[in-house]
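A quick write-up on the structure given underneath.
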Amino acid sequence: MKTTSITQFVMAAALVGASVVVVPAQGAPAVQPANPASPQPAAPETPATAAEAYTYDPAGRRDPFVSLLSRGTEQAGPRKVTGLASLTTGEVMLRGVLQSRNSYVALVSGPDGKTYPAHANDRLVDGVIRSVTPQGIVIMQEVNDPLSLVKQREVRKGLRTAEDGK
């Protein structure tokens, strides 16, 4: 009679979704809950083992706890390029040309408003300054279009003359 009431109690608790821990009497077999899919209480983890055991199965989705800015990589990337080498051909604006000894030096500005000196053979992000003349600069721009047959093109940036302003 006592066994029947314990079994009914365990079955009723399993239907409700509660977890039941039955302690068997001495010599009696252990009674298993009716719902084997119910979660069993786990041993508490220490914070160190919990951090090491973290895994995420994205199944096509990104991990919501990884920053979108760093994308979860803490590797030191290449140094950021500054100065004239950080500008593209489209960003370069010619401000002036100076004569220094036997060569010309171009003064170019970028979108940040800073002015940089540019000599022949100076490198840009997408090209090289081929020559500096009193009329302007010539840049050999590398074309990144895979459908284009031409891999380089010549871009001329000239100075504005007084006649251009009228």
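Coordinate-derived values only; no laboratory data. Keep in mind the model is a prediction, meaning the values are calculated, not measured. Backbone-built Cβ (ideal geometry, glycine too); neighbour counts: all protein chains shown.
If the chain linking ARG156 and LEU98 were pulled fully straight, counting 0.36 nm for each residue of separation and taking away their Cα-Cα distance, it would gain 19.2 nm.
Here the calculated FRET efficiency for THR115 and LEU147, from their Cβ-Cβ distance with R0 = 25 Å, stands at 0.10, rounded to the nearest 0.05.
Here the average projected area of the convex hull drawn through the C-alpha atoms of the stretch 83-158 stands at 5.0 nm².
Of LEU94, LEU87, LEU107, the sequence from fewest to most neighbouring Cβ atoms within 10 angstrom is LEU107, LEU94, LEU87.
Dipole size of the stretch 83-158 about its Cα centre, with +1 on Lys/Arg Cβ and -1 on Asp/Glu Cβ: approximately 280 debye, rounded to the nearest 20.
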